[in-house]
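Report on the following structure.
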Amino acid sequence: IKTIGVLTSGGDAPGMNAAIRAVVRKAIGNGVKVKGIKKGYQGLLYEEIVDMERKDVSDTIQKGGTILGTARCPEFKQEEVQIRAAEICRKHGIDGIIVIGGDGSYRGAQALARNGVNTIGIPGTIDLDIACTDYTIGFDTAVNTAMEAIDKVRDTSSSHERCSIIEVMGRNAGYIALWCGVANGAEDILIPEKYDFNEQNIINNIIYNRKKGKTHHIIVNAEGIGHSTSMARRIEAATGMETRATILGYMQRGGSPTCKDRFYASMMGAYATDILCEGKSNRVVGYKNGEFVDFDIEEALNMQKAISEYEYIVSKMLSQ
Ligand code: ATP
């Protein structure tokens, strides 16, 4: 391996820059050249490829987003496009690529590996919904951002004796909602993995808490359930308690990464670079049981992940 490429793909996540920086500097340290590929697989197809030196990643570790840009590139699912992408890599002398992204991005990495370009994936998503790893880049920053925002909503919610439904991101996964629900002391935590779509339970809970003298009622609702605004209307009608929905939205994807995201992303970037330089391919980096590991991409994509039953039960008990 003489030259490697690095790209970010799918949704951006705070900490991606720390990973890019680690890839660039570790590769150079290993005596390997690095090319940055802009805007994910789309930029690869448009040959938006730049040489990267140590200084090109200076002053980036503290920045949110991704300095390389990211994109969704639906045509990358087509075989002829994948073959063309591998040819573009060869044309630019790129022997291997590190792909920072989610499950979809790993499929693209797998396709490149099939066509002769060595690939290693790094889990980058705020949703924590990648089965092969206990940590994904951006989750820590996102939950901290959401937690601080929910604290603020709680202040005003208490003052006005309101019920607040706060919708957090996570797509079909409830990790952000569960973590914030516990960290913010929410009265109800709604996560797609466990939700029974029975609003009566929530309504009963609000009425019960109101009788106990609670002045606010915080419901953390996951994006995977959604409908926060209409839920608020129905809850207000049923309880008589003024109810407002706040959808936190994209603010959760931005901002300066936390120390944890900077550190883990740096380690994963370095680890991915090392195994790519060793000649490994078609693998994805994970963090499991306290150490950095790597899996075959197909094996990783076939793994299942579930919300911990214990964590869920505890979250319910603490919210009473
Ligand atoms: P996130 O979870 O943050 O959205 P992701 O990597 O899962 O990240 P996707 O939009 O699913 O996001 O995938 C990113 C890109 O990866 C796609 O736009 C496409 O270019 C490529 N990709 C996705 N699925 C495949 C596939 N089956 N084969 C080849 N490439 C794919």
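Results, tabulated for the structure shown:
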{"quantity": "The lone exception for Lys39 - which of (1) touching a Gly at 6+ places or on another chain (Cβ under 7 Å); (2) charged (D, E, K, R); (3) on the phi < 0 side of the Ramachandran plot it fails", "calculated": "(3)"}
{"quantity": "Meets criteria (small (Gly, Ala, Ser), in a helix (DSSP H, G or I) and away from the ligand (no atom under 14 Å from the Cβ)) for Ala86", "calculated": "no"}
{"quantity": "Any hit, region 169-176, residues being free of Cβ contacts under 8 Å to residues at least 12 places away in the same chain and among the basic types (Lys, Arg)", "calculated": "no"}
{"quantity": "Considering residues of region 96-137 that are of a type in the set (Asp, Glu) and crowded, with 20+ Cβ neighbours inside 10 Å only, the residue farthest from Leu68 (Cα to Cα)", "calculated": "Asp129"}
{"quantity": "Helices (runs of 4 or more DSSP H) completely within region 171-274 that count 1 or more residues being out of contact with any helix residue (DSSP H, G or I) (no Cβ under 9 Å at 6 or more places or on another chain) and surrounded by fewer than 23 Cβ atoms within 10 Å (Cβ to Cβ)", "calculated": "199-212, 228-239"}
{"quantity": "Check on Ile28, in a loop (DSSP other than H, G, I, E, B) and away from the ligand (no atom under 16 Å from the Cβ)", "calculated": "no"}
{"quantity": "Verdict on Ile166 being away from the ligand (no atom under 14 Å from the Cβ) and part of a strand (DSSP E or B)", "calculated": "yes"}
{"quantity": "Subset of region 298-320 [in contact (Cβ under 8 Å) with a residue 24 or more places away in the chain and in a loop (DSSP other than H, G, I, E, B)]", "calculated": "Met303, Gln304, Lys305, Ala306, Ile307, Ser319"}
{"quantity": "Subset of region 1-25 (residues that are within 16 Å of the ligand (Cβ to nearest atom) and either in a helix (DSSP H, G or I) or polar (S, T, N, Q) (or both))", "calculated": "Thr8, Ser9, Met16, Asn17, Ala19, Ile20"}
{"quantity": "Any hit, region 152-162, residues being assigned to a loop (DSSP other than H, G, I, E, B), on the phi < 0 side of the Ramachandran plot and modelled with pLDDT under 95", "calculated": "yes"}
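The values are calculated or read from the model by the stated rules, or taken from the named source; none is laboratory data. Predicted, not measured: the structure shown is a model, and the values here were computed from it. Counting neighbours? That spans all protein chains shown, and the Cβs are built from the backbone with ideal geometry, glycine included.
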